[in-house]
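In what follows, a single structure is set out as structure tokens and then discussed.
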Amino acid sequence: MKERITEHSIRLFEKKGFSETSIQDIVDSLGVTKGTFYYYFSSKEELLMDIHLGYIDELLVLQERIFKDASKSCKEKLFEIVFVLLSDIKNRGPAAKIFFRELKNLNEERSVLINSKRDQFRLNIEELIRRGMEKDEFRPDLNASIITFGILGITNWSYQWFNPEGVCTDREVAEIFVEMIFKGIQEN
């Protein structure tokens with residue numbers, strides 16, 4: 001039931017926004033009582049936090065799995081990260097929208113936790129860029145921090161426009177993004 005509440009809430013938050021969606025809207029969509037909601041969540045904000053944690057924690061696990069693969073170069077790992085971000089939008093698009101759009105609705109303590117996880121994801125990519133620079137896979141004169149923000153900006157914003165049923169697949173979009181990135185950072 002907790003998963004059903006979360007799934008219905010994600011769809012409602014995507015459509016109406018967090019602030020405009022009431023607990024009554026959520027329970028009505030499920031055909032349950034508010035008591036059922038409160039059995040699993042103490043508040044709508046706790047539910048939102050659960051959505052945020054589920055989203056970022058899964059990304060961190062996938063990122064760690066990619067980084068642990070010693071058989072892949074930094075360039076290959078960077079492609080895999082971009083692909084994971086795009087395929088995640090394909091697989092969990094509404095949750096991605098909630099993750100990027102509704103952070104402002106978490107209290108300060110919860111925002112700090114989510115932002116620290118976001119920072120960890122970003123810093124892991126930044127470290128990958130630095131390793132690629134050291135291994136001569138990427139140009140040595142790059143600002144790894146700014147490059148990382150650029151990569152995340154390109155990929156994270158795609159939840160706004162990327163249509164998994166469109167002309168390009170998530171893999172094709174990842175290949176286009178990475179080729180564009182590499183032509184700017186790859187060592188000749």
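The values are calculated or read from the model by the stated rules, or taken from the named source; none is laboratory data. On a predicted model such as this, the values are computed, not experimentally measured, just so you know. When we count neighbours, we look across all protein chains shown, and the Cβ atoms used for this are built from the backbone with ideal geometry, even at glycine. Accessible surface areas use protein heavy atoms only, side chains included; no ligands, DNA or RNA. Shrake-Rupley method; radii C 1.70, N 1.55, O 1.52, S 1.80 Å.
Below are the figures for this structure:
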read-out	value
Criterion: part of a helix (DSSP H, G or I) and touching a strand residue (DSSP E or B) at 6+ places or on another chain (Cβ under 6 Å) - qualifying residue of 93, 132, 153	132
Among the residues listed as 134, 187, 179, the single one being open to solvent by 30 Å² or more (accessible area, probe 1.4 Å), at pLDDT 90 or above and of a type outside the set (Ser, Thr, Tyr)	134
Test: residue in the stretch 105-115 that is aliphatic (A, V, I, L, M) and crowded, with 16+ Cβ neighbours inside 10 Å	yes
Odd one out for residue 36 among (1) touching a residue at least 60 places away in the same chain (Cβ under 8 Å); (2) more than 22 Å from residue 164 (Cβ to Cβ); (3) surrounded by 14 or more Cβ atoms within 10 Å (Cβ to Cβ)	(1)
Residues of the stretch 155-168 satisfying the condition of being surrounded by 17 or more Cβ atoms within 10 Å (Cβ to Cβ) and not polar (S, T, N, Q)	159, 162
Lone unmet requirement of (1) closer than 18 Å to residue 9 by Cβ; (2) free of Cβ contacts under 8 Å to residues at least 24 places away in the same chain; (3) touching a helix residue (DSSP H, G or I) at 6+ places or on another chain (Cβ under 8 Å) for residue 80	(1)
Residue tally, condition acidic (Asp, Glu) and surrounded by 15 or more Cβ atoms within 10 Å (Cβ to Cβ), over the stretch 116-126	1
Some residue of the stretch 25-42 being within 26 Å of residue 157 (Cα to Cα) and not basic (Lys, Arg)	no
Tally of residues being in a helix (DSSP H, G or I), over 14 Å from the mean Cα position of the chain (by Cα) and more than 18 Å from residue 97 (Cβ to Cβ) across the stretch 39-63	3
Any chance residue 56 is open to solvent by less than 10 Å² (accessible area, probe 1.4 Å) and closer than 22 Å to residue 170 by Cα	yes
Selection status of residue 75, in a helix (DSSP H, G or I), open to solvent by 20 Å² or more (accessible area, probe 1.4 Å), touching a Gly at 6+ places or on another chain (Cβ under 7 Å) and of a type in the set (D, E, K, R)	yes
Those residues of the stretch 1-22 which are assigned to a helix (DSSP H, G or I) and either touching a strand residue (DSSP E or B) at 6+ places or on another chain (Cβ under 7 Å) or within 13 Å of residue 45 (Cα to Cα) (or both), in sequence order	6, 9, 10, 13
